[in-house]
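Okay, so here's the structure we're looking at.
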Amino acid sequence: MAEFFQQLVNGITWGSVYALIALGYTMVYGILKLINFAHGDVYMLGAFFAYYSARWLGVAEHPTPLHALGVLLLAMAGCAVVGIVIERAAYKPVRRSSRLAALITAIGVSLLLENAGILIFGPDPKFFPQIIPSTNIALGGGVTISNQQVIILVVSVVLMIGLRFIVLKTRVGKAMQAVSHNHTAAALMGISVDRIITFTFMIGSMLAAAAGVLVALQNPKIEPLMGIMPGLKAFVAAVLGGIGNIPGAVIGGLIMGIAEVMVVGYLSPTYRDAIAFVLLIVILLVRPAGILGRNVAEKV
Amino acid sequence: MTSRIRLRPALGGVLAITLLALGCGGSTQDELVIGEYGSLSGNDATFGQSTKNGVELALDELKAAKDGKIGGLRVRIVVEDDQGRPEEAATAVQKLINQDRVCAVLGEVASSRSLAAAPISQAAGVPMISPSSTNPRVTQVGDYIFRMCFIDPFQGTVMAKFAAQNLGLKRVAILKDVRNDYSVGLAQFYADAFVKLGGQIVGEQAYSAGDQDFRAQLTNVKGKNPQAIFVPGYYTEVGLIARQARELGITVPLLGGDGWESDQLLEIGGPALNGCYYSNHFSVDNPDPRLQSFLKAYRAKYGADPDAIGGLAYDAANVLFLSMDKLATENAETFKGLGSAAAGSDARRAATTRLREIIASTRDYPGVTGTITLDANRNARKPAVVIEIKDGKKVYNTTINP
């Protein structure tokens, strides 16, 4: 039984990372009906920004919690800028074209970021410094959790609560909700749709950056193509929870993380990547709108 | 019509440039071109980089001793990066043979990549010396494929003996990389030998190279209560596995093979690797004068200690140089066939056939990684050393003879 609970702990930490990335997918989809395939690569950039800012701040030699927080914030700020630039340069020009054009642009941006990453950072894996030395915390019954896993959980939960607060309680959040219902109507109410869309990309990219830093903290190997698989799986997680639905993305991410760890632990590690897509097929067959998604009839 | 007229001068220009390029590119000088392919980038980049360093050092010494010439021909080494991918390794060797007209090939470290490229070398009749691929199937590809190191059935036995006799262990679990020929083979040979010595394999788990998270497998292994975990993978994953194992409260030692051999192993794994053991081709602590003079030269050139991969590459290059030199003294006419000018001719085929025989007859070559004698299957029989990781340093523990 201890083994099962240990796997559960592993799955929840892994799942909270998927949840953070899935939030970015779901927010952009909710507002633009666009699947931002470059999102996984923003996650990669987050890890690299953290890597370079940790070196710049000299955190590896003298790790303090304050420095670690600084690294996290710098990476999030860097990715916020990247998110704004991607939206303005790549997606805005095609916003009035068909949705397929936007989707293909997203794939193009993704390839651009990956290959630019190989060009700039080099194809070799880099090793993320230990900005927070790891220690173990016993949970009783032979189950342990590392302080890094605790940090992942705490930071994820704080960011998710923060996001929920922004969306539900602030003016800009209410404007986001309005834009997601109807662009034209929102614009008629005096909401600057362009600005809200840019803001959405900024928030989504910051969450992806946080996920990148948290993963790099725990699994210190980072490389320019590290975003592809987590990006795809987080996308599946967003669909699983109901794309466009924020609590759905969190639930989808957690299910995904737990399912993956359980498959590796009890079946075979070769199915690790397959389970994500099996879940996707099952959910599309059984509940196409996702767990928390609503079926909206489209008028033809 | 107008557009066609405007195109004409442009076309002429392109033609002129092409002709010029052809005139300059085709080297008229006859030389000895040797190909080298390896993972200069990618997941296990230190394998390719160490190999390149070892070969370069051997070439430097040839330059100092004989003006970089063998049998009157200047030696040139062409290096190709396969990015750590088997399909790229095959392409790289194809290019080396067809475009660079090499007369011999050095590489690879990873058995999966040697296995991908070896059939091409074999079909073209170009001798290939793998410095450090240990999977037995590599040299079984054909009689043009050689290696400078021991093979995995032996390496597996070494670690099994070490675990059973030196550490006195009875229960060991295995965590292998299922997409890696080396890892799968070594895990099997280790398990066979360990069971024969009265031990028990209590669990077997797998991962794929490139994975980031091994906690699920390690949690499963932990439940089996092993006294050690055998991880026959490459250093990048091993470092991550060690860290995650310690985080899960697994305190037993990890055991491994020569895939651990890289400076980056300790950089990634850090203190989590203390008390772990792996089998290797040499230890820098060995007082052997040949090894020590190699270490001195290597440190002077690169400012760091070589790993065993670099040592084996150095030996592979020197065995190749020596064999070419033997051919030049034995028959200068046949030797000419190795020159780049003779590529594709019958003379080339005759020369590489003879070169192959000379390499195969290597006996008691005094290498820096031990004395090299190739057996009938073109494998070297050499002792293995066991390295212990102590306080973040690689320390010699024991030598196990075949």
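In plain terms, if you count all Cα to Cα distances in segment B:21-164 and split them into 5 Å steps from zero, the share in each step is 2, 10, 18, 20, 19, 14, 10, 4, 2, 1, 1, 0, 0, 0 percent. By the count of neighbouring beta-carbon atoms within 10 Å, fewest first, A:Tyr271, A:Tyr91, B:Tyr278 end up ordered A:Tyr271, A:Tyr91, B:Tyr278.
Computed from phi, the 3J(HN,Hα) profile of segment A:175-188 under the Karplus parametrisation 6.51, -1.76, 1.60 (θ = phi - 60°) reads 5, 4, 4, 4, 4, 5, 6, 6, 4, 5, 4, 4, 5, 5 Hz, with x in place of Gly and Pro. Near the amide H of B:Phe214, within less than 5 Å, lie no amide hydrogens of residues on another chain or at least 5 residues away, with H placed in the peptide plane.
By the rule of a C-alpha distance below 20 Å, with chain neighbours fewer than 8 residues away ignored, the aspartates and glutamates paired with B:Lys196 are B:Asp152, B:Glu204. Translational diffusion of chain B was estimated from the Stokes-Einstein equation, with Rh taken as the Kirkwood radius over Cα pairs; at 4 °C and 1.567 mPa s the coefficient is 58 µm²/s. For segment B:250-264, the Karplus equation 6.51 cos²θ - 1.76 cosθ + 1.60, evaluated at θ = phi - 60°, returns couplings of 8, 10, 5, x, 9, 10, x, x, 5, x, 7, 6, 6, 5, 6 Hz by residue, with Gly and Pro reported as x. Between A:Leu113, A:Leu34, A:Leu188, which gets the highest mean-square fluctuation from a Gaussian network model of chain A, Cα cutoff 10 Å? Comparing A:Leu113, A:Leu34, A:Leu188 in the GNM, the peak value goes to A:Leu188. Legend: translational diffusion of chain A by Stokes-Einstein, Rh = Kirkwood radius over C-alpha pairs, 4 °C, 1.567 mPa s; D = 66 µm²/s. The mean number of partner chain beta-carbon atoms within 10 angstrom of a residue's beta-carbon across peptide B:44-55 is 1.
Total lysine pairs in segment A:31-231 at Cα distances under 24 Å, for residues eight or more apart or on different chains: 5. Shown for chain B are the DSSP H helices of 30 Å or more along their axis, judged by Cα atoms, with a mean Kyte-Doolittle hydropathy of at least -1.0: B:2-25, B:45-66, B:308-330. The helix-only estimate of mean residue ellipticity at 222 nm for chain B, built from DSSP H runs of length n ≥ 4 each weighted as -39500 (n - 2.57), is -15000 deg cm²/dmol after division by the residue total. Cross-link pairs exceeding 21 Å between alpha carbons, from the set B:Lys66/B:Lys95; B:Lys161/B:Lys393; B:Lys66/B:Lys336: B:Lys66/B:Lys95; B:Lys161/B:Lys393. Principal semi-axes of the equivalent ellipsoid, √(5λ) from the alpha carbon gyration tensor of segment B:152-280, are 20, 16, 14 Å from largest down.
So what is Rg over Rh here for the protein assembly as shown, counting just Cα atoms and using Kirkwood for Rh? With Rh from the inverse mean 1/r over Cα pairs, Rg/Rh is 1.04.
FRET efficiency for A:Met189 and A:Lys33, Cβ-Cβ distance as r, R0 = 25 Å, nearest 0.05? The calculated FRET efficiency here is 0.80.
GNM, chain A, Cα, under 10 Å: largest mean-square fluctuation among A:Ile228, A:Ile145, A:Ile12? With Cα springs under 10 Å in chain A, the top fluctuation among A:Ile228, A:Ile145, A:Ile12 is at A:Ile145.
Phi angles across segment A:35-44 convert, under the Karplus curve 6.51 cos²θ - 1.76 cosθ + 1.60 with θ = phi - 60°, into 3J(HN,Hα) values of 8, 7, 5, 7, 4, x, 7, 5, 4, 4 Hz, Gly and Pro given as x. May I ask for the longest run of chain A untouched by GluC sites (Glu not before Pro) that are loop-located per DSSP and have at most 13 neighbouring C-beta atoms (other than their own) within 10 Å? Counting at most 13 other Cβ atoms within 10 Å as exposed, the longest clean stretch of chain A is A:62-297. Bridging of B:Lys394 to lysines at a Cα separation below 19 Å is possible for B:Lys296, once same-chain residues fewer than 8 apart are set aside.
Projecting the Cα atoms of A:Leu113, A:Ile166, A:Val264 onto the dipole axis of the protein assembly as shown, where Lys and Arg carry +1 and Asp and Glu carry -1 at the beta carbon, places A:Ile166 farthest toward the positive end. Each Lys or Arg adds one and each Asp or Glu takes one away; over the other residues whose Cβ falls under 13 Å from the Cβ of A:Gly253, this sums to 0. Database remark: amide H of B:Ala104 closer than 5 angstrom to the amide H of B:Gly35 (H placed geometrically; neighbours at sequence offset of 5 or more, or on other chains; Pro and chain starts carry no H). Between helix A:246-262 and chain A there is an angle of about 40 degrees, using the helix long axis and the longest principal axis of the Cα atoms.
Neighbouring Cβ atoms from other chains, within 10 Å of the Cβ of residues in A:129-135, number 2 on average. The mean sequence separation of alpha-carbon pairs under 8 Å and at least six residues apart, normalised by the residue count of chain A, gives a relative contact order of 36 percent.
FYI, it's all coordinate maths here, none of it is from the lab. Predicted model only: the values in this text are computed from it and were never measured. Quick reminder, even Gly has a Cβ in these numbers, built from the backbone with ideal geometry, and neighbours come from all protein chains shown.
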